[in-house]
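The block underneath contains the structure these notes are about, expressed in structure tokens.
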Amino acid sequence: MERINNQSVQINPWEDKDLDLLFGINEPEMMEHLGGPESKEQILKRHKRYLELCGKGCMYSITLYPDLEAVGSVGYWQKVWNGESIYEMGWSVLPSSQGKGIATVAVKLAIDAASAENKYSYIHAFPSINNPASNAICRKLGFEFISECEFEYPPGSFMRCNNWRLKLNN
């Protein structure tokens, strides 16, 4: 848990109760850089994947204390990228909580959790080249910019992303 102003930011492993948060994240303004909102069926499948991720990574809800308000998600998962086993990570923070440093703190906490697993040497983030906020988080946290790349997300759709890489402490 880390403090921002008068609140603490904590990440908690994804639970059934986080389904409402996932629907909140699925708004057009939140999905602008990710191919647009998903259908209800897609959200339910994503929720199930998040719940079953243990052992292959972890998804978290981002919670503000003392209000116990869920304001976003952050997580990491196994991926093979250019022939190398890595963790990929991603995050979303609801509009009412953006611009306050919450995402930066939550991403750092998730990186610490991934690093503690001592499984992979690197964690990558692939924000859209058109998402200045997520790219700024990567810079702030010391990710190394590798290159622009074509990235498939959602499945069947390709987008231009920046490939950022961070060495994990292992």
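We did not get these values from a lab; they are worked out from the coordinates using the rules stated. Computed from a predicted model, the values in this text were never measured in an experiment. So basically every Cβ, Gly included, is an ideal-geometry build from the backbone, and we count neighbours across all protein chains shown.
Given a cut-off of under 8 Å on Cα pairs at least six residues apart, what relative contact order in percent is computed for segment 2-167? If you can, show how the numbers build up before the last one.
Working: 275 pairs, mean separation 32.7, N = 166.
Reported relative contact order: 20 percent.
Residue 71: net charge of surrounding residues, Cβ under 12 Å, Lys/Arg +1, Asp/Glu -1, itself excluded? Each step should come with its number before you reach the end.
On the way: positive: 100; negative: 18, 67, 69.
The answer is -2.
Among 40, 79, 119, determine the one that fluctuates most according to a GNM of the chain built with springs between C-alpha atoms less than 10 Å apart.
Among 40, 79, 119, the largest GNM mean-square fluctuation belongs to 40.
Using helices alone, what [θ] at 222 nm do you get for the chain, with -39,500 (n - 2.57) per DSSP H run of 4 or more residues, divided over all residues and rounded to the nearest 500?
Values: 4 runs with 43 residues, N = 170.
Computed mean residue ellipticity for the chain: -7500 deg cm²/dmol.
If I stretch the segment between residue 121 and residue 146 completely, what's the gain in nm (0.36 nm per residue apart, minus their alpha carbon distance), one decimal? Provide the component values of the computation, followed by the final result.
Values: separation 25, 0.36 × 25 = 9.00 nm, distance 1.54 nm.
Stretched out fully, the residue 121 to residue 146 stretch lengthens by 7.5 nm.
Looking only at 12, 118, 26, which one moves most when the chain is put into a Gaussian network model with springs between Cα atoms under 10 Å?
118
Where in the chain are the DSSP H helices whose C-alpha atoms run 20 Å or more along the long axis and whose mean Kyte hydropathy is at least 1.0? Walk me through the intermediate numbers first.
Working: long enough: 102-116 (21 Å, 1.54).
Going by DSSP H runs, the hits are 102-116.
Dipole magnitude of segment 32-163 about its Cα centre, charges +1 at Lys/Arg Cβ and -1 at Asp/Glu Cβ only, in debye to the nearest 20?
On the way: 13 positive and 14 negative charges, 29 e Å.
For segment 32-163, the charge dipole is close to 140 debye.
Of the beta bridges DSSP finds with both residues in the chain, what % are antiparallel, to the nearest 5?
Values: 40 of 43 bridges.
Roughly 95 percent of the DSSP beta bridges within the chain come out antiparallel.
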